[in-house]
Amino acid sequence: MEHIEEISNQVDLLKKKLAWAWVYSVDKQLQDKSKRIEELKGRIPTCQSRIDQHLRKMEELNDQLTKKKAQIAHMMEKTSEVRRMTDELKQSLSLATKEKLELEEERGRKFNYIQKMAKRVKIFQQQIRDMDEQNIRNTQAEELDMEVKQKEFQAEIDSANVVFQRLRNEEDTLIDQINQAKDEINKIVHEIEEYDKRDRDIRSRIREFQLHQSNKVTAFGGGRVMGLLEVIERQHRKFNRAPIGPIGAHVTLVDGDKWGTAIECAVGKVLNAFIVTDHKDSLLLRACAREANYKHLQIIIYEFSRPRLHIPDHMLPQTHHPTAISVLRSDNPTVLNVLIDVGNAERQVLVKDYDAGKTVAFDQHISNLKEVYTSDGYKMFSRGSAQTILPPMKNARGGRLSGSYDNKIKTLENEAFEAQNKARQSKVMKRSIDEELQGLHDNLQNAKRRRQDAERVLRSKEFGLRDFKKSYVAESSSTAVSTVDELHVELSKIRDEIHERENSLEELQLRLKEADNKANDVKISFENLCESAKVEIGALEEAERELMMIDKGLKDAELKKNHYEGVMSTKVLSQLNGAEAEYQELEHNRRESYKKASIICPESEIETVGGCDGSTPEQLSAHLTRLSQRLQQESRRHPESIEDLRMLYNKKERKILRKQQTYKAFREKLGACHKALELRWSKFQRNATLLKRQLTWQFNGHLGKKGISGHIKVCYEEKTLSIEVKMPQDASSSSVRDTRGLSGGERSFSTLCFALALHEMTEAPFRAMDEFDVFMDAVSRKISLDAVVDFALAQGSQWIFITPHDISMVKQDDRVKKQQMAAPRS
């Protein structure tokens, strides 16, 4: 036993050492973790400084981006103004050139006319000389010569006329060709302007898509919505509930490439709206919109606490085609509720093409159908007998809910490239037609000169023939002298007309000079404006390139910021949090180990015996296990002593005594509970019996007003209540045990009496009865009304009686108020 006691002492000592060994081991681990935590904390300022640096850079780039967008918008306005002025100057230049050409043609006509008149003067002078000579020689030989000359004149006139007609036809043909070429040029210029406009529109849409790609929210309101969101973020504490919006940013579209245009036509106006929970928040949001310069913001007031609306199938359009709400997805139930309540998205059906839309909208007569939208934007609906089909909206933007913008941007870039190629081809074609038109103008001028020369030759031949005939007639006439005098008079008239024509020609020359100066001024202004327009367009393109570079820099800064934030969260903060958690866990384990070890023995006792001697807890545990096994083996060989058994007996005896005292106390409490239960049960049965009697007495008291008696049976064990009524006219002594055996009026009166009996046993400040006398006859109704009014007056509480019958028979009283409603309109 001494050996066993020695082993037991060693076991106790090893247990004490093992307990404090665990404490020392945890202390060592705490020191290692503390060093690791300090090391991780030292990395935080470096990462945070990098994040702050990129945040500042992003703020600067955002400011530059906003300023550059404003600058581009201003430059776009100036460019549109320059284009308008360019068009006006083009028109002015065209009018000035046309006026100049008309004046030149008029000057040419007058000059030619003066030349012709001068030739006529010469001809008349020649005729006068010829006539003078003819008077001198008047022989038969000269007459024969004059006949030959007349034939020769006529032959020359016929030949000149043929040449003149051919040249005039050639001139008309060239004029027609020139007009056709001008029409083709105007058509090509219109096509070039259309291609350029289309290219600008496509470039604008590409910039919009690129902006939407970087930030989806800008698709629903543009850059203004970002400013509005910033104002809302600054003033979010003033809102009862934070606004939701824009709605399109909280919605995704299933199969967006197919249904994007249809959804845009159906609920596109609602996608830019914001949702608030009450009127106060709507006023506050309107003020934020004014601060952000966001005019005409659509605000929808809707209760945020309302759960997701579930519409029964019979209230939806009965068709296999999808509805607008079925292809829209959102994690926010309020957004879907607004699309249903405000946008009627559950009643808008989407179809693939035009023919299917007409079939669904007009032929199938589907219930709960409001509108049908095709995938290319057609809107169809019927109201009564009227059937309406609306074409797609020109300004519809169908890609706002698309999941990916890359394909849209690539498609638009291909379209822009195709438009540029077509514009380039049209310009090449225009240059070739311009060259051809210039050649036609040159040919026309040559043809005009040749035609005028031929016309002068023809007219001179005709005048020569006419003069020849006149001279012949004058020679053969005795009044040759008078003919000469007439020629002198006509010659003076022609000279006066030539003088007037020369004066008008000088005035026309002055007008032509003014028109030429005006055309040159307009041309110089047009060239200057074109040069300035080129400079502004180049500045606009440069600003757009700078905008793209700023946007790219902003994306790079955001990527780097996200990278360092990821490093901070994944490699620094997560490891730091894990190390701190492990440190706290080790501190907790250390406190628990210290507490347990202190219970086993104080630390000073271990220090007096030399501590743990550098042994690890595992080594001490293995040693303790071996000694414990040896102690068990020795204890089995040597049973316990008598002192141990006596101590065990005393311990068991004390335990039994404590249990007996506890049992006695429980018996006393149980007897008191049984006694209280029996007392309460007897009182409950007495109260129940008295309540049954009171209910029957009061029921009979109300029935007695009509000479009826009855009884109410209440069975508490079976939880049933039955009413028995005996009518005074019933000769048999049997009672009616079921109120369904009574007439309508008797059943209503009995039910009224039962209700009044219950009312007397309960307390309530307000009571109401609705159409309690519908099935009663006049006598029962009179008795019932008197009974309920007397009962209400006696009780003193407020009663409300509603009846469709006449209430004039109700007695008057200060506390009785009657309200007669007007008859409803048929």
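General observations
- The accessible area of residue 162, taken with all protein chains in place and a 1.4 Å probe, comes to roughly 100 Å².
- Multiplying the residue separation of residue 669 and residue 636 by 0.36 nm and removing their Cα-Cα distance gives an extension gain of 7.1 nm.
- 222 nm mean residue ellipticity, helices alone, for the chain (DSSP H n ≥ 4; -39,500 (n - 2.57); rounded to 500): -25500 deg cm²/dmol
- Ranking 288, 715 from most to least accessible surface, computed with a 1.4 Å probe over the protein chains only, gives 715, 288.
- The heavy atoms of residue 92 present about 50 square angstrom of accessible area, all protein chains included, probe 1.4 Å.
- Rolling a 1.4 Å probe across the protein heavy atoms gives the chain an accessible surface of 64 Å² per residue.
- The largest accessible area among 673, 265 belongs to the first residue in 673, 265, and the rest follow in falling order (1.4 Å probe, all chains).
- Relative contact order of the chain, defined on C-alpha pairs under 8 angstrom at six or more residues apart (%): 21 percent
- Of the trypsin sites (Lys or Arg not before Pro) found in region 741-826, the ones in coil according to DSSP and having at most 11 other Cβ atoms within 10 Å of their Cβ are 811, 815, 817, 818, 825.
- Antiparallel content of DSSP bridges confined to the chain, in %, to 5: 60 percent
- Degrees, to the nearest 10: 140-214 long Cα axis against longest axis of the chain: 10 degrees
- For region 269-351, applying the loop criterion from DSSP together with a ceiling of 14 other beta carbons within 10 Å to the GluC sites (Glu not before Pro) yields 303.
- Residues 56, 501, ordered by accessible area of protein heavy atoms at a 1.4 angstrom probe radius and largest first, appear as 56, 501.
- Only one residue of 23, 529, 10 has its Cα farthest out toward the positive end of the dipole of the chain, where Lys and Arg carry +1 and Asp and Glu -1 on Cβ, and that residue is 10.
- Exceeding the 22 Å Cα-Cα cut-off - candidates 427/518; 782/811; 98/119; 448/493: 427/518; 98/119; 448/493
- Folded to 0 to 90 degrees: helix 406-476 orientation relative to the chain principal axis, Cα: 20 degrees
- Ligands, DNA and RNA excluded, the heavy atoms of residue 314 present near 130 Å² of accessible surface to a 1.4 Å solvent probe.
- Contour excess over end-to-end distance, with Cα ends at residue 166 and residue 528 and 0.36 nm allotted per residue: 125.8 nm
- Carbon and sulfur %, accessible surface of the chain computed with the full protein complex present, 1.4 Å: 52 percent
- Helix axis angle, 256-267 relative to the chain longest principal axis, alpha carbon, degrees: 90 degrees
- Options (1) 133, 71, 45; (2) 120, 56, 49; (3) 196, 113, 48 - which one matches Cα extents along the principal axes in Å as calculated here: (3)
- Placing +1 on each Lys and Arg Cβ and -1 on each Asp and Glu Cβ, with no other charges, gives the chain a dipole about its Cα centre of roughly 5460 debye.
The values are calculated or read from the model by the stated rules, or taken from the named source; none is laboratory data. The model shown is predicted, which means the values in this text are computed figures rather than measured ones. Don't worry about glycine lacking a Cβ; one is built from the backbone with ideal geometry, like all the others, and counts go over all protein chains shown. Just so you know, the surface numbers come from the protein's heavy atoms only, side chains and all, with ligands and any DNA or RNA stripped out. Shrake-Rupley method; radii C 1.70, N 1.55, O 1.52, S 1.80 Å.
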